[in-house]
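Asker: Sharing a structure, written as structure tokens. Questions coming.
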Amino acid sequence: MNYQEAIGRLKGERNAVVLAHYYARPEVQDVADFVGDSLALSEMAAATDADVIVFAGVHFMGETAKVLSPGKRVLLPDMDAGCSLAEGCRAADLAEFKKKYPGYVVVSYVNTTVGVKALTDVCCTSSNALRVIESIPREQGIIFAPDRNLGAWLKAQTGRENMVLWDGACHVHDRFDARIIEVLKEQYPEAKVVAHPECRSEVLAAADFVGSTSAILDFVGHDAAAEFIVVTEPGILHRMKLDNPDKKFIPAHPCNECEYMKMNTLEKIYDCLKNDTGAVEIPEAEIKAAKGSIERMLEIR
Ligand code: SF4
């Protein structure tokens, strides 16, 4: 079957859009109506007038889309596409952690469950995390969850001492180490190193540029360098190569893929659109409890 054509036809019949993350498989990015990072995808989910949103990302992204657009049908091609970061922070555990820091504001990365978002004052993505932290008065204590690497980077960037970090990490980004960068820099001495802030601090220290996936894409597009060592999930190379055919991109670790993102295939996108399977359902009370923290995130560009 020609899945590209069949998905295109079903999208028209159902007034559906396919949203995909930059870490999705190349062929999945190619059938998507919109490809972006978590922040842009959340904005798109809130703004679309489609009746059906197929989210070729992971579970928390589908949940976020449903919270923002409860009247729409949000379908996940594979309900098992989870996220190690989101799974490492359970709402019940965060509720206990909060008790130790009364009066602290909770800032959570969007890579969390709706239960955690309900305990959060404001969510952020790696695109707007710095701006979110800077929007909070300096004297205010902050709990940052769940990524300790992003949290440590934010602390270093803002000089905020009164910020406590949840001890979680993305298994993909946490796996990169400084030695890989050292070896690749010897091999490609002219290359610039670009890294995602979910990487460990010693990796970020070796980078020429640190930023979200969209910020990294913007940087490699505008920088004069011809070669880049890319320290994030290698799915992003698809977009980098499309946008910059004359530049060379070296994945720091080509096999270090997010197996959850890669669970989204053309066949599964076709199936969920055809059979209306993989619907994200969230009780109204949970939507109400989680919505405020996501809306505050979208207010801070
Ligand atoms: S790359 Fe990491 S943070 Fe992103 S979905 Fe996969 S496990 Fe989660």
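The values are calculated or read from the model by the stated rules, or taken from the named source; none is laboratory data. These figures come from a predicted structure and were not determined experimentally. A quick note on method: Cβ atoms are made from the backbone with ideal geometry, for glycine too, and the neighbour counts reach across all protein chains shown. Calculation scope for accessible area: heavy atoms of the full protein, side chains included, ligands and nucleic acids excluded. Shrake-Rupley method; radii C 1.70, N 1.55, O 1.52, S 1.80 Å.
Asker: What are the ³J(HN,Hα) couplings of the stretch 14-26, residue after residue, when phi is run through the Karplus curve with 6.51, -1.76, 1.60 and θ = phi - 60°? Round to Hz, x for glycine and proline.
Answerer: Running phi through 6.51 cos²θ - 1.76 cosθ + 1.60 with θ = phi - 60° gives 9, 6, 10, 10, 10, 10, 9, 7, 4, 8, 5, 4, x Hz.
Asker: Can I ask one more? Need the list of lysines near LYS72 for cross-linking: C-alpha distance under 21 angstrom, and skip anything on the same chain fewer than eight residues off.
Answerer: LYS11, LYS117, LYS268, LYS274, LYS288, LYS291
Asker: Per residue, how large is the accessible surface of the stretch 161-235? Use a 1.4 angstrom probe and give square angstrom.
Answerer: Using a 1.4 Å probe on heavy atoms only, each residue of the stretch 161-235 averages 42 Å².
Asker: Could you give the size of the charge dipole of the stretch 117-270 about its Cα centre, using +1 on the Cβ of each K and R and -1 on the Cβ of each D and E, expressed in debye and rounded to the nearest 20?
Answerer: With Lys and Arg at +1 and Asp and Glu at -1, about 200 debye.
Asker: I need the peptides 277-288, 107-118, 48-59 ranked by packing, meaning the mean over residues of other C-beta atoms within 10 angstrom, with the highest value on top.
Answerer: Order by mean packing, descending: 107-118, 48-59, 277-288.
Asker: Please turn the phi angles of the stretch 256-262 into ³J(HN,Hα) values with the Karplus equation 6.51 cos²θ - 1.76 cosθ + 1.60 (θ = phi - 60°), one per residue in order, whole Hz, x for glycine and proline.
Answerer: 7, 9, 7, 5, 6, 4, 6
Asker: Hey, another quick one. Can you send over the carbon and sulfur percentage of the accessible area for the chain, probe radius 1.4 Å, protein chains only?
Answerer: So the carbon and sulfur contribution to the accessible surface is 49 percent.
Asker: Using a/c under 1.5 as the rounded threshold, could you call the stretch 30-83 rounded, prolate or oblate? The axes a ≥ b ≥ c are square roots of the C-alpha gyration tensor eigenvalues, and prolate needs a/b larger than b/c, oblate otherwise.
Answerer: rounded
Asker: Under 16 Å Cα-Cα from LYS241, which lysines qualify once same-chain neighbours fewer than 8 residues away are excluded?
Answerer: In chain and number order, the partners are LYS192.
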